[in-house]
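Working notes, beginning with the structure itself.
The values are calculated or read from the model by the stated rules, or taken from the named source; none is laboratory data. Note that the structure is a prediction, hence the values are computed from the model and not measured. So basically every Cβ, Gly included, is an ideal-geometry build from the backbone, and we count neighbours across all protein chains shown. For accessibility, only protein heavy atoms count, side chains too; no ligands or nucleic acids. Shrake-Rupley method; radii C 1.70, N 1.55, O 1.52, S 1.80 Å.
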Amino acid sequence: MTTPADAPRFTAQGFNQGFGDQTLETLITVFGGSGFLGRHVVRALAKRGYRIRVAVRRPDLAGHLQPLGRVGQIHAVQANLRYPESVTAAVRGSAVVINLVGILAESGAQTFKSVQDEGAAAVAAAANGAGARLIHVSAIGADAQSASLYARSKAAGEAAIRAVLPGSIVFRPSVVFGPEDQFTNRFAALARVMPLLPLVGGDTRLQPVFVGDVAAAIASAVDGKARAGATYELGGPEVMTMREIIELILATIHRERALLPLPLPLAKLQALVLQYAPGALKLTPDQVELLRNDNVVSEAAKAAGLTLEGLGIVPESLAAILPSYLWRFRKTGQFSHAA
């Protein structure tokens, strides 16, 4: 059987047409790529034409990433930051390594120290050995002197990667929101079943940042548009108090709920019990500790251009994005209209 001369030929070059200068020959390893932020990062990289290796503890649960790219573009492998040999294997042949792994609460062997401190060090060592660039996601509020274990481990992770790869790029987002987040969805879920919502840290200021904007910033760094060795702070267009955020969530899902302000000491006492609660009810003493301090982009980062805007990204607001996914918490879903 012969092939017509004018038939389309699916060569590597033709397969990558439309991706500009990038080709699927450039391999990016993403640790934590199957999570909330990870799937958005993988999508952003796939659109740019990179070949993506997603390093996760359970590759069999990463199948939802396949539709984000073309056939063969996205591949999941097993890796656990607590086992350096698996990390080394996962980064082999990579041009860029991205570490998104983080936890909000400790569970068993998954401690802040093992994941966010020692785990980050393992990724940095592997990236260094592979001759790859490293992009690391930390958090605004990372502080070696913080009373919060989470914040201290984030700072320790940053220090660990800087010690090995000083040119690494660090992103510190404020609280990240978007579909399937553990922030806005949590309060919306509670409002659906509770007539009264406890308000912890009601006056604490946050700068919620859309997950898609964080992913775009990371992809821009892969493209080489971010400054080597810099620490970027990522926040949305508005600074809001915790009370204002919850009120906006309630307005979006068209539910009226009373808010019960809880002093932080009392909230921390309750968290001793709620840390064992399931789902949206879970609250740890360390999470309460984090709410003692504002979580916003610093003036120093703004002045230095180390922000979303500095990367040419116009951030989306919480009010603009919430209705696109919180409609499911309305009494009549997407067919409900505000009065």
Enumeration of residues in the range 314-326 that are surrounded by 17 or more Cβ atoms within 10 Å (Cβ to Cβ) and of a type in the set (A, V, I, L, M, F, W, C):
LEU318, ILE321, LEU322, LEU326
Top-ranked residue in the range 137-152 [being of a type in the set (Ser, Thr, Tyr) and open to solvent by 10 Å² or more (accessible area, probe 1.4 Å); ranked as farthest from ALA301 (Cα to Cα)]:
TYR150
Would you please name the residue that is nearest to ILE140 (Cα to Cα), looking only at residues in the range 80-108 that are touching a strand residue (DSSP E or B) at 6+ places or on another chain (Cβ under 9 Å) and open to solvent by 60 Å² or more (accessible area, probe 1.4 Å)?
ARG82
Regarding the range 163-177, can at least one residue be identified that is open to solvent by less than 30 Å² (accessible area, probe 1.4 Å), aromatic (Phe, Trp, Tyr), closer than 30 Å to ARG255 by Cα and in a loop (DSSP other than H, G, I, E, B)?
no
What are the residues in the range 281-292 that are out of contact with any strand residue (DSSP E or B) (no Cβ under 9 Å at 6 or more places or on another chain) and open to solvent by 30 Å² or more (accessible area, probe 1.4 Å), if any?
LEU281, LYS282, LEU290, ARG292
If you take the residues of the range 235-283 that are at pLDDT 95 or above and hydroxyl-bearing (Ser, Thr, Tyr), which of them is nearest to ASP181 (Cα to Cα)?
THR252
Scope the range 96-120; condition hydrophobic (A, V, I, L, M, F, W, C), within 19 Å of PHE171 (Cα to Cα) and in a loop (DSSP other than H, G, I, E, B); matching residues
LEU100, VAL101, ILE103, LEU104
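Before we move on, is THR184 closer than 27 Å to THR332 by Cβ, at pLDDT 95 or above and not hydrophobic (A, V, I, L, M, F, W, C)? Give the derivation first.
On the way: closer than 27 Å to THR332 by Cβ: yes; at pLDDT 95 or above: yes; not hydrophobic (A, V, I, L, M, F, W, C): yes.
Taking the combined requirement at face value, the residue satisfies it.
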Looking at the range 44-71, which of its residues are free of Cβ contacts under 8 Å to residues at least 24 places away in the same chain, farther than 19 Å from ALA215 by Cα and outside any loop (DSSP other than H, G, I, E, B)?
PRO59, ASP60, GLY63
Name the pairs: first residue in the range 148-160 and in a helix (DSSP H, G or I), second residue basic (Lys, Arg) and open to solvent by 10 Å² or more (accessible area, probe 1.4 Å), Cβ to Cβ under 6 Å, at least 6 apart or on different chains?
SER153/LYS113
